[in-house]
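The values are calculated or read from the model by the stated rules, or taken from the named source; none is laboratory data. Here the structure is a predicted model, which is why all the values come from computation and not from measurement. Because the Cβ atoms are built from the backbone with ideal geometry, glycine has one as well, and the counts that use them run over all protein chains shown. Surface accessibility is based on the protein's heavy atoms, side chains included, excluding ligands, DNA and RNA. Shrake-Rupley method; radii C 1.70, N 1.55, O 1.52, S 1.80 Å.
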Amino acid sequence: MTFGSLFFLTAFLPPVLIVHAALQGGGSRRRTAAANAWLLACSLAAIFLSDLPGLKWFVGCAAWTDLATRCVSAALRRGRQRTASAALALAVTADMALLCAFKWLSSSSAGAGADAASAIAIPLGLSFWTFRAVSLVWDVRRGVHPPPPTPLHTLGFMALFPVYVSGPVVRWSEIGGAFERRPFDVDLAASGMRRLAIGLAKKALLADNLAPFADAVWALADQGLGVPCGMAALAVPAYSLRLYFDFSGYSDMAIGMGRMLGFRIPENFLWPYAARSVREFWRRWHVSLSSWFRDYLYIPLGGSRRGAARACINGLVVFTLCGVWHGNGLMFALWGFWHGLLICVERLVAPSPSQRAARREPTAGAAESLVSIALSRVWLLAAVAFGWLLFRSATPATAFSMIRSLVGLAQPSAESRALWLECTPVFTAAFAAGAVLCFPVAPALVRLARRVLPGWAVLLAKNAAATALACAALFFMVSGTRQSFLYFQF
Amino acid sequence: MSKTGKTEKFVSAAFLAAWIVALGAPNVVRLASSHSKRPLFLPFPAKTENRNPHQWPSLRKNSPRYTKLREIGRALEAWYSDSFAWRTELLAAWRNFSFNVLKSPDGRDVPGRGNWTFRRGGDWSELEDWLGAVELSAEDRRNWIDLVEGRREWAEAVGAKYITFPTPTKAQTCFNEMYPALRAHRGRSLRSQIQETLRDSPARDDVIFVDDEFISEREERGRPVFFDSDHHPSAYGVWLIYKKLGRRLAELFPGRVSPDPMPWYDAPPEDVLAGRAPGCWAERPGDQTDAPLGIRMKISSPGERQLMNAFPQGSKRWPYRNAATARDGDGITVVMAHDSYMRFSLSSWREPEGSMVFPFPQGVGKVYGHIFQRLSMGFLQHQISSLGFVPDVFIDQFPECRLDKTAHRYLDPVTRSAAAFARAGAAGAATRSDALPSEGGQIAVRVVFDDLGATSGADAANEFEATLTAGGCVLDRQTLMTGPKQALFFGPLDIPADAAGKNLEIELPQGISAKATMVVWRTMPPSNR
């Protein structure tokens, strides 16, 4: 059951929201407890319908996570730091062992020539809920917050259906308060509905219509067949846009549903393609994941506190592991390593203002030339797009084939002529719209509207736009052209 | 709260409520209505999706709808999607929208100008063929030569002729109806690759191409050679194919088959659509009553639909799988194997009593038409065996956009051997029936049987095995059937040392005998070894 399915949107979501809103009421403790219970039941039902075999692993993980938080908290109260650290280490090891075991077993069973039925399936959302579990125990150990009040709170937090399958990797410190008191807020819920519509539109109108062309090009590259340079050059940005709209669309839906349920889930994508450096890109792309790696891996490894060389090594380790988190193929690791390498190069060539300040170097002037801004944006887009080329390619041979096509060294194959069939008006429109909308154009338009229109008119316009987008998205969805969210595989 | 704040809150609440209601509406309507009373909410009709809709899952093991507990979510979702209220209407609207507004494919259908559609992908890659996206390998080309030359040699051995005709595709002949973006990227078609391959083959005249006639009729006379909304040729297009086929038959059987084609029978479209006359026409959107997914073909055949079955066998999916027709008077006998490509349009020649009349010219007597069949070696043998005589001509038909798969699929060892035998002759090798050369080498062998029959207790319908020997060495084995004439081809075979200088012999199982058996061999030229 995915967010984009008819069943989820029209059969599952409306009763969940209506009953939840009725239970929420003014948000007293008792009402919030009832809403929590309803939400937990719905979340578990969603997991039951989506991935019954994975349910036991999830419940097991939630159980030991809750136990670990209480052990850590008790040890801290008694001043037993080592015991608290040991409990944390045990919980983290168990979570990571579960994650690694399933990823390894899944890839080895699939790679042994076994049929799809006998391949071991990874529990749905495993990568996300194990990370949420780690952050929960770790933050209790760091004293960021106390453990959730009851085991049911822990289970409710980990099972929360909007973020269960594909994140964001939300933390207890960010939404834990809403489990205590969560009044129904009509403005928040309406903004959530708008966000859900935007997410649906991103997925169904943009990502799904960009996919066939990019997939067709990579399918030829998989076979080692050459593609005309222009087609390859179009496929890489098409895939870059598809990935962004697919995953940010999912995040928008998760954030939107969270708001409708009274949770303020933090933003996960902050216009990443508008960044001007790879470091900035990672502060904008999949923010919850990159901040998780920063807080629970990069900083514990020493971060940038032990010199530039150590920071580079730490960055390479962290990003390579981030790549492996996405999948256990070599290409994912290479993609992560590529980003680690880019950040090392940027660190050495163009230190950030804080690094310059630390070195007592003069920081760049406020007025940067347009040329430097343009160059930095081109650099960022080219570097990230090359990373996506590695990310999308299943093997080094495929990536090499794509690179050869890109630089015009590959002889275009006869089969590549069929790519013209994928250059449809819909693809062209989606590509053009995506190329504009991946930059913060929409917020600028809203700001402009606020200057000239009254608040209620802006709200009305936003609602109308969201409705139109959602109708169009639902229309596309019913057509059956809808594809699975990319991030479900991670 | 200020007035503005209240207004904004009201807007938000109205928006939220409207959306919740909108999302939940299909289910409310579903629950409030029963399937029998409201056909609108029936699962999407299977005929338009070519599949059965998903059923409500059951956890009872003895139920035909049994679903494992772990798969219940997926099954429930599949059922829900298939029985979603207004799904049929939404899909129909989607199809019209994607064609008329987005100008983009809906599944495998690519829109052209007006109502024209073209097919892509799957088993009907006509647009890929137009773009030149399918290239025959050297092996593909070799297979094509073997298929045509081998079939021709086999037919000659039994005393018949062989013709094959690749039928053109809509994209290759009605390209002006495509959008310029696709039309501008014409590539090398499979047809031109096959024509190049066969240019120097003695069998080149046995392969008939009709594209030029189609293009000229379409471009110069504006005749409807294809349906605009379907990938089948129109009745007129099929008539053009038979016209050219008839001319070839007249060349092969001079004086017996007339070179003049059967007259064009042109029932007015409105009569066909009204069911008053036989034929096949495309309905326009305005004519639709029961076809919500857009333009569909209307096939009309007043009278009985069932055709007489000459050889009832195999699938019963199509009632007109096998059709046999006979003309008054003497004429040549034709066995034709073809796919469904022309089946709708053949309705145009259906006679009132229900049998199908192929539009062959005068001089063609009996026609045995096998829809969904191919001339495999077993099929050819079976025809002679079951008819009890050798037909004058065997005709095979392939759609052009499948030419890359055709030869691979129907090239059997006997045909390959027959092609090798033909090439050995073309290279100047003598046809010999005496002892094998004592110096060894490689040979191709042809064996022709007359009046091959079961003598005592053997089941004539069963296939049996014939063994080729020389000096006590078994060189090869082949299967064949009883009949007035059968031909087998072996090789190329290496002559074992023990067989060198010995005579070739053919051994049949006990209970099977032949009135006459002729075994001949040719030495393979060095280039073929």
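Which of the following residues is assigned by TED's automatic domain parsing to the domain that holds A:Arg194 and buried (at least 19 other Cβ atoms within 10 Å of the Cβ): A:Leu419, A:Leu460, A:Leu409? Lay out the reasoning, then the answer.
Details: A:Leu460 fails: buried (at least 19 other Cβ atoms within 10 Å of the Cβ); A:Leu409 fails: buried (at least 19 other Cβ atoms within 10 Å of the Cβ).
Result: A:Leu419 is the single residue among A:Leu419, A:Leu460, A:Leu409 that is assigned by TED's automatic domain parsing to the domain that holds A:Arg194 and buried (at least 19 other Cβ atoms within 10 Å of the Cβ).
Is there a residue in the range B:68-75 that is more than 30 Å from B:Tyr179 (Cβ to Cβ), part of a loop (DSSP other than H, G, I, E, B), modelled with pLDDT of 80 or more and facing chain A (nearest Cβ under 10 Å)? Among the residues of the range B:68-75, at least one is more than 30 Å from B:Tyr179 (Cβ to Cβ), part of a loop (DSSP other than H, G, I, E, B), modelled with pLDDT of 80 or more and facing chain A (nearest Cβ under 10 Å), which makes the answer yes. Among the conditions (1) farther than 27 Å from B:Val29 by Cα; (2) within 14 Å of chain B (Cβ to nearest Cβ), the only one that A:Phe48 does not satisfy is (1). Restricting A:Pro237, A:Pro266 to residues that are touching a residue at least 12 places away in the same chain (Cβ under 8 Å), open to solvent by 10 Å² or more (accessible area, probe 1.4 Å), outside any helix (DSSP H, G or I) and not small (Gly, Ala, Ser) narrows the list to A:Pro266. Note on the range A:3-81: enclosed helices (runs of 4 or more DSSP H) holding 2 or more residues that are closer than 19 Å to A:Phe128 by Cβ are A:29-50, A:52-77. Hey, does the range B:187-196 have a residue that's assigned to a helix (DSSP H, G or I), within 14 Å of chain A (Cβ to nearest Cβ) and open to solvent by 10 Å² or more (accessible area, probe 1.4 Å)? Within the range B:187-196, one or more residues are assigned to a helix (DSSP H, G or I), within 14 Å of chain A (Cβ to nearest Cβ) and open to solvent by 10 Å² or more (accessible area, probe 1.4 Å).
Taking (1) more than 14 Å from every other protein chain (Cβ to nearest Cβ); (2) under 20 Å from the mean Cα position of the chain (by Cα); (3) on the phi < 0 side of the Ramachandran plot in turn, A:Met253 satisfies each apart from (1).
Look at (1) acidic (Asp, Glu); (2) in contact (Cβ under 8 Å) with a residue 12 or more places away in the chain; (3) open to solvent by 20 Å² or more (accessible area, probe 1.4 Å) and you find that B:Asp206 fails only one, number (3).
Within the range B:380-414, track down each residue that is part of a helix (DSSP H, G or I) and surrounded by fewer than 19 Cβ atoms within 10 Å (Cβ to Cβ).
Residues of the range B:380-414 that are part of a helix (DSSP H, G or I), as a first pass: B:380-387, B:400-410, B:413-414.
Residues satisfying the conditions are B:His382, B:Ser386, B:Leu387, B:Lys405, B:His408, B:Arg409, B:Pro413.
Got at least one residue in the range B:41-54 being at pLDDT 75 or above and more than 8 Å from chain A (Cβ to nearest Cβ)? Yes. Pick from the range A:3-38 the residues that are of a type in the set (Val, Ile, Thr) and more than 9 Å from every other protein chain (Cβ to nearest Cβ): which of them is farthest from A:Met257 (Cα to Cα)? For the range A:3-38, the residue satisfying everything is A:Thr32.
In the range A:463-478, which residues are surrounded by fewer than 16 Cβ atoms within 10 Å (Cβ to Cβ) and either over 14 Å from A:Gly199 (Cα atoms) or more than 12 Å from chain B (Cβ to nearest Cβ) (or both)? Hits for the range A:463-478 are A:Ala464, A:Ala468. Among the candidates B:Trp124, B:Trp154, the residue that is within 30 Å of B:Ile332 (Cα to Cα) and open to solvent by less than 30 Å² (accessible area, probe 1.4 Å) is uniquely B:Trp154.
Being open to solvent by 20 Å² or more (accessible area, probe 1.4 Å), assigned by TED's automatic domain parsing to the domain that holds A:Phe247 and not charged (D, E, K, R) is true for just one of A:Val384, A:Val371. Which residue is that?
Details: A:Val384 fails: open to solvent by 20 Å² or more (accessible area, probe 1.4 Å).
Answer to the check: A:Val371.
Can you say whether B:Asp230 is modelled with pLDDT under 90, charged (D, E, K, R) and under 21 Å from the mean Cα position of the chain (by Cα), as far as the supplied structure shows? Spell out how you get there, then give the answer.
Details: modelled with pLDDT under 90: yes; charged (D, E, K, R): yes; under 21 Å from the mean Cα position of the chain (by Cα): yes.
Yes.
Scanning the range B:77-92 for residues that are among the aliphatic types (A, V, I, L, M), within 19 Å of B:Leu23 (Cβ to Cβ) and more than 7 Å from chain A (Cβ to nearest Cβ) gives a single hit, B:Ala85.
Considering each of A:Gly303, A:Gly230, A:Gly224 in turn, give the residue that is closer than 30 Å to A:Pro412 by Cα and in a loop (DSSP other than H, G, I, E, B). Of A:Gly303, A:Gly230, A:Gly224, the one residue that is closer than 30 Å to A:Pro412 by Cα and in a loop (DSSP other than H, G, I, E, B) is A:Gly224.
Restricting attention to the range B:411-447 and to residues that are closer than 30 Å to B:Arg374 by Cβ and among the hydroxyl-bearing types (Ser, Thr, Tyr), the residue that is nearest to the chain's Cα centre (by Cα) turns out to be B:Thr415.
Just checking: which of the helices (runs of 4 or more DSSP H) contained wholly in the range A:413-490 hold 3 or more residues that are at pLDDT below 90? Lay out the reasoning, then the answer.
Numbers: elements: A:425-437, A:441-452, A:455-478.
In the range A:413-490, the matching helices (runs of 4 or more DSSP H) lie at A:455-478.
Of all residues in the range B:430-447, how many are among the aliphatic types (A, V, I, L, M) and open to solvent by 20 Å² or more (accessible area, probe 1.4 Å)? Residues in the range B:430-447 being among the aliphatic types (A, V, I, L, M) and open to solvent by 20 Å² or more (accessible area, probe 1.4 Å): 2 in total.
Across the range B:163-185, the qualifying residues are those that are open to solvent by 10 Å² or more (accessible area, probe 1.4 Å) and aromatic (Phe, Trp, Tyr), and the one among them that is farthest from the chain's Cα centre (by Cα) is B:Tyr179. Suppose we keep only residues that are crowded, with 24+ Cβ neighbours inside 10 Å and not aliphatic (A, V, I, L, M) within the range A:183-207. Which one would you say is farthest from A:Ala466 (Cα to Cα)? The qualifying residue farthest from A:Ala466 (Cα to Cα) is A:Lys203. Within the range B:93-116, track down each residue that is in a helix (DSSP H, G or I), in contact with a helix residue (DSSP H, G or I) (Cβ under 9 Å, 6 or more places away or on another chain) and either open to solvent by less than 20 Å² (accessible area, probe 1.4 Å) or facing chain A (nearest Cβ under 9 Å) (or both). Result: B:Ala93, B:Trp94, B:Phe97, B:Ser98.
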